[in-house]
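Notes follow the structure.
The values are calculated or read from the model by the stated rules, or taken from the named source; none is laboratory data. A quick note: this is a predicted structure, and the numbers were derived from the prediction, not measured. All Cβ positions, even for glycine, are placed from backbone atoms using ideal geometry, and neighbour counts span all protein chains on display.
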Amino acid sequence: MQRTPKIIATELLVLQAKSGDKAAFAELYRLWMPVLYGRCLRQLKQPADAQDAVQKVWIKVIKGIGQLKNPATFIAWIMRICHLTCVDAIRKQIRRGKMQQNLQNEIPVTKPEADTAIDLTSAIKQLPENQRQVLDLHYSLGFSISQIAHVVGVKSGTVKSRLYTARQTLKTKLQTGENYE
C-alpha cells in the first residue's frame with residue numbers, strides 16, 4: 001500500500017489516539033468508518049448486519065488500540081479485526097439458519113441470451129468467497145499480498161494463488177462470454 005496522505009494522517013492519529021486524544025480517535029472513526037462498513041456489507045450482504053459488525057469492530061479497536069505497537073500496521077490490524085468480526089457474524093447466521101432463509105428468498109438465476117455482454121460484477125459474485133475477498137482487498141483497498149495475508153489469516157502464497165485463480169476464472173468468463181455456471 002502506498003503511503004498516501006490518508007495513510008500518514010492515520011498513523012499520526014493512531015499515535016494521538018493511543019495517548020488518549022478523543023478527537024484523534026473521532027477522526028480515525030470518520031476516516032475509516034466508510035471503508036469498514038463497505039467491507040462488512042460486502043461480506044455480510046445485509047446493511048443491518050454490517051452496521052452491527054462495524055460497531056463491534058470499533059469496540060474492539062477502542063479496547064485494543066493501546067496495545068498496537070506500530071501505527072503503520074493500524075490499517076491491516078483494523079481490517080483483520082473487521083474480517084474476523086464478519087466471519088463470526090456469518091457463523092452465527094449459519095447457526096441461526098438465516099443463511100438458508102436468505103438463499104430461499106433470492107431470485108433464481110437464469111441463463112442470459114448468447115449476445116448479452118458479460119456482467120463483471122455478476123461474474124465476481126460467482127467466485128468463491130475467499131477469492132472475492134482477496135480481489136476486493138487488493139483492487140478496492142490497494143492492499144499488498146502480505147497485508148492481505150495478514151488480514152485474511154493465510155500465507156502469502158495462498159493469497160497469490162487465490163488472486164491468480166480468480167483472475168483466470170474471470171478471464172475465461174470474459175473470453176467465452178460465460179456469465180453463469
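Some observations on this one:
- Single match in 174, 135 (criterion: assigned to a helix (DSSP H, G or I), closer than 23 Å to residue 78 by Cβ, in contact with a helix residue (DSSP H, G or I) (Cβ under 9 Å, 6 or more places away or on another chain) and of a type in the set (A, V, I, L, M, F, W, C)): 135
- Residue check, residue 17 small (Gly, Ala, Ser), surrounded by 12 or more Cβ atoms within 10 Å (Cβ to Cβ), in contact (Cβ under 8 Å) with a residue 24 or more places away in the chain and part of a helix (DSSP H, G or I): yes
- Residue within region 79-102 that is in a helix (DSSP H, G or I), closer than 21 Å to residue 4 by Cβ, of a type in the set (A, V, I, L, M, F, W, C) and modelled with pLDDT of 85 or more present: yes
- For residue 154, the stated conditions hold: it is under 30 Å from residue 18 (Cα atoms), modelled with pLDDT of 90 or more and not assigned by TED's automatic domain parsing to the domain that holds residue 8.
- Residue 61 being outside the structural domain of residue 133 (by TED's automatic domain parsing), touching a residue at least 60 places away in the same chain (Cβ under 8 Å) and among the β-branched types (Val, Ile, Thr): no
- Candidates are the residues of region 55-74 that are hydrophobic (A, V, I, L, M, F, W, C) and in a helix (DSSP H, G or I); the one that is surrounded by the most Cβ atoms within 10 Å (Cβ to Cβ) is 57.
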